[in-house]
Amino acid sequence: MQTNLVIKLEEIHKTYHTGEVDVHAVRGVSLEILPGEFVAIMGSSGSGKSTLMNMIGALDRPTSGHYWLDGIDVSTLDRDALADIRNEKIGFVFQGFNLLARTSALENVEMPLLYNHKRIPSHEQHERATHSLELVGLGQRTDHHPNQLSGGQQQRVAIGRALVNRPSLLLADEPTGNLDSQTSIEIMGVFQKLNEQNITIIMVTHELDVARYTKRMVVLRDGKIITDEAVQNRSFAEKELQQLRQAQQAVKLAP
Amino acid sequence: MRIFASLKIAGRALRRNKMRSLLTMLGIIIGVGAVIGSVSLTSGATKQVEDQVSSLGESVITVFSGNFTSGAMRGGWGSAPTLTVEDAKAIAGLENVVAVSPEVRDREQVLAEGLNWNTQVMGESPDYPQIRNWTIARGEMFSDQDVRSLAKSAVIGQTVVDQLFPNENPVGQTIRIRNLPFLIVGVLAPKGFNLFGQDQDDTVVVPYTSHMHRITTRTFVNDILVQAANDKVIDSVQDDITDLLLARHRSKEQDFTVRNQLELMQAVTATSRAMSFLLAGVAAVSLVVGGIGIMNIMLVSVTERTREIGIRMAVGARAADILVQFLIEAVTLSAIGGSIGILGGMTFSWLVAYIKNMPTVTPFGWIAIAFISSAIIGVISGFYPAWKASKLDPIDALRYE
């Protein structure tokens, strides 16, 4: 197999045995993702996109098929090995931010480092977490607790946490689902900027507007890929924000 | 395992819920505190009794003469004339016997310069202060020469000094017993009350020969005090004395009784040991109750923090990391609870000791036991909740509302 692929899925199936009926959530998905790609996985609810996401995120194992992440066959690993993969290779961003309450932004970002199998000295943990927060534009708010931050800022902290272990893959599950439209654009801007620095990003979404910020769109229906194509008319967050600001200035909403 | 990281996480979690952490610990705090407090006080009391027992002298064997029986009336130990000065001299020749004093006792009216006092007059040998572990505060003990010459010399206790010579040095003065002048050669250091509440300082000690021939006219002694070389040989010396006296008295029945200090000590410590067992029982019950409290709160905490567990697992925490995190939380709770309990119990016993003027002893053994067992309780009661947390499925945990 080619080692320069970040992700290679081969005939992935996932079947849930709930009671007497077997639910085939994913039925034969094959997918290859190269370093530096920015992929949106789309589909309506029940299309199997969340199940696929869980397997790509090494939270779950496929019933059959193979999944290579960075050349490692993840589909055969045990619980502990999966935990290590999640820690080192994958950064998660969730719809509901999933930050620890009453814990500062910096400590939230440091958390994955605590579980790194290499012992990282605490001053280095600090440096790396601070650097991560600077990457997402929150260098000044390191000691704020989640309840002192806006939704957009919380999601930035979550992205900082996802990046802190320098993963090969950033995985975002409806990252703008809980945000207003302007903040959504800002967050997509953060992703685009990270992608420009050659970070591979996979994002699950059901909003077409949001998917337009990516480079490649994969659409799922009934557990199968039905389209997989490059994004036409790609949106750029910077441009969109500028237009939005002009529109707001026109009605005196913004200075 | 990343123990240090887990410690940090546990510390944060407990600090976040200060009030709850405190209430959770309360069971352990009260249990350990009560045990440490009461152990301090009872072992203080026991220590006091032990001190009194050992103030009777170390490795001391007492030989009492038999009971005097007249018709249906039985006189009790020391009432029958069976022990003689010769018996005492024979005992002195036994192996491992370091000091012997034949003892005769009598109550007499003692006079000195217009004052008088009724007190216990004892006839003893010069070994008496050594056997009773008693020092001479002023002057000196009478000598063997005094015993041989039936000297009219006396050593008096502090109470007699206070009663008869309130404002002067009694050494060199004279007291009169049955109209005989006795020269005071020494004063015994104050010893206080004995186990039975008697004032040990209320006494006049004279050579036993003087007592038997000048004050009273006796041929027998009440008892014989014997000091063995050490506590290890005390039993064999006791047996030797029994054999020797049986042979000397040529009697079929044993007409004397031999007792030693260790037996008395054992009787006293048996009580305190029973008390200790009782306390250990109370401690065990309270620790179990405290442990159930901790388990309860840890279960609540695991349910409450299901989402947090999911997040931690998503970013790479292994099942073992989660297990250790919650275990450490439980152990931290119980160990801190135990420490607070130990401090509280010690403070309580010091306060009581201070207010009530009672002795207290810091029971280091019990403190170690209390601390270790509260930590163990933490492990036991924390294990099930922690195991439950570590077995959560990360996907389910993340979705938990």
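Read-outs throughout are calculated quantities, based only on the coordinates presented, and are distinct from any laboratory measurement. These numbers were taken from a predicted model, which means no experiment stands behind them. Glycine also receives a Cβ, built like all others from the backbone with ideal geometry; neighbour counts cover every protein chain displayed.
If I model a spin label at B:Gln198 and A:Asp228 as a point 7 Å from the Cα along the Cα→Cβ vector, what separation in nanometres do I get?
Placing both labels 7 Å along Cα→Cβ, they lie 10.7 nm apart.
Given A:Lys14/A:Lys215; A:Lys14/B:Lys388; A:Lys14/A:Lys49; A:Lys8/B:Lys391; A:Lys8/A:Lys89, which pairs have Cα atoms separated by over 18 Å? Don't skip to the answer; put the middle values down first.
On the way: A:Lys14/A:Lys215 27 Å; A:Lys14/B:Lys388 26 Å; A:Lys14/A:Lys49 11 Å; A:Lys8/B:Lys391 29 Å; A:Lys8/A:Lys89 14 Å.
Going by Cα-Cα distance, A:Lys14/A:Lys215; A:Lys14/B:Lys388; A:Lys8/B:Lys391 fall outside the 18 Å limit.
Run the reach check for B:Lys18 against aspartates and glutamates, Cα to Cα strictly under 15 Å, same-chain hits fewer than 8 apart removed. What comes back?
Candidates past the 8-residue exclusion: B:Glu329.
Within the set of other residues whose C-beta is less than 15 Å from the C-beta of A:Ala81, count the net charge using Lys and Arg as +1 and Asp and Glu as -1.
Numbers: positive: A:Arg61, A:Arg79, A:Arg86, A:Lys89, B:Arg318; negative: A:Asp60, A:Asp70, A:Asp73, A:Asp78, A:Asp80, A:Asp84, A:Glu88, B:Asp321.
Summing Lys/Arg as +1 and Asp/Glu as -1 gives -3.
Computed over the Cα atoms of the protein assembly as shown, what is the ratio Rg over Rh, Rh following Kirkwood? It would help to have the intermediate numbers written out before the result.
Details: Rg = 44.8 Å, Rh = 32.8 Å.
That ratio equals 1.37.
Hey, in the GNM for chain B with a 10 angstrom Cα cutoff, which one of B:Pro166, B:Pro102, B:Pro81 fluctuates hardest?
The residue with the greatest mean-square fluctuation here is B:Pro166.
Go ahead and set up a Gaussian network model of chain A, Cα springs under 10 Å, then flag whichever of A:Asn233, A:Asn87, A:Asn147 fluctuates most.
Per the Cα network of chain A with a 10 Å cutoff, A:Asn233 tops the list.
State to the nearest 20 debye the size of the charge dipole of chain A about its Cα centre, where the only charges are +1 on K and R beta carbons and -1 on D and E beta carbons.
On the way: 26 positive and 31 negative charges, 96 e Å.
Taking the Cα centre of chain A as origin, the dipole is about 460 debye.
What percent do you get for the relative contact order of chain B when only Cα pairs under 8 Å and 6+ apart count?
On the way: 746 pairs, mean separation 114.6, N = 401.
Value for chain B: 29 percent.
If I take all pairs of Cα atoms in region A:7-250, what percentage of them are more than 31 Å from each other?
Details: 7176 of 29646 pairs.
Result: 24 percent of Cα pairs exceed 31 Å.
Show me, for region A:189-203, the HN-Hα J-couplings you get by feeding each phi into the Karplus relation (A = 6.51, B = -1.76, C = 1.60, θ = phi - 60°), rounded to Hz, glycine and proline as x.
Listing the rounded values in order: x, 4, 4, 4, 5, 5, 5, 4, 7, 6, 8, 7, 10, 10, 10 Hz.
Using amide H atoms built 1.01 Å from N in the peptide plane, name the residues 5+ places from B:Phe193, or on other chains, whose amide H lies under 5 Å from its own.
Those lying under 5 Å, H to H, from B:Phe193 are B:Gln200.
Only four residue types carry charge here, +1 at the Cβ of Lys and Arg and -1 at the Cβ of Asp and Glu. Report the dipole size of the protein assembly as shown about the Cα centre in Debye, rounded to the nearest 20. Please report the intermediate quantities before stating the final value.
Numbers: 61 positive and 67 negative charges, 326 e Å.
The calculation lands at about 1560 debye.
Rank A:Pro121, B:Ala283, B:Gly66 by how far each Cα sits towards the positive end of the charge dipole of the protein assembly as shown (+1 on Lys, Arg Cβ; -1 on Asp, Glu Cβ) and give me just the farthest.
A:Pro121
About the Cα centre of region B:60-229, what is the dipole size in debye to 20, counting +1 per Lys and Arg Cβ and -1 per Asp and Glu Cβ, all else neutral?
Numbers: 13 positive and 18 negative charges, 75 e Å.
Approximately 360 debye in magnitude.
Give the long-range amide H neighbours of B:Asn222: residues separated by 5 or more places, or on another chain, with amide H under 5 Å away, using H modelled in the peptide plane at 1.01 Å from N.
Amide H neighbours of B:Asn222: B:Glu103, B:Val104, B:Arg105.
What is the Rg over Rh value, at two decimals, for chain B, using alpha-carbon atoms and the Kirkwood definition of Rh?
Values: Rg = 33.3 Å, Rh = 26.3 Å.
With Rh from the inverse mean 1/r over Cα pairs, Rg/Rh is 1.27.
May I ask you to evaluate 6.51 cos²θ - 1.76 cosθ + 1.60, the Karplus curve with θ = phi - 60°, for each residue of region A:165-175 and list the ³J(HN,Hα) values in order in whole Hz, giving x for glycine and proline?
In residue order, the calculated couplings are 8, 6, x, 7, 9, 9, 10, 10, 10, 6, x Hz.
In terms of modelled amide H atoms, which long-range or inter-chain residues lie less than 5 Å from the amide H of B:Gln173?
B:Ile184
Report the FRET efficiency, 1/(1 + (r/R0)^6), for B:Thr217 and B:Leu278, where r is their Cβ-Cβ distance and R0 is 56 Å, rounded to 0.05.
On the way: r = 54 Å, r/R0 = 0.96.
E between B:Thr217 and B:Leu278, to the nearest 0.05, is 0.55.
With chain B treated as a Gaussian network of Cα nodes joined by springs under 10 Å, which of B:Ser251, B:Ser349, B:Ser374 yields the largest mean-square fluctuation?
With Cα springs under 10 Å in chain B, the top fluctuation among B:Ser251, B:Ser349, B:Ser374 is at B:Ser251.
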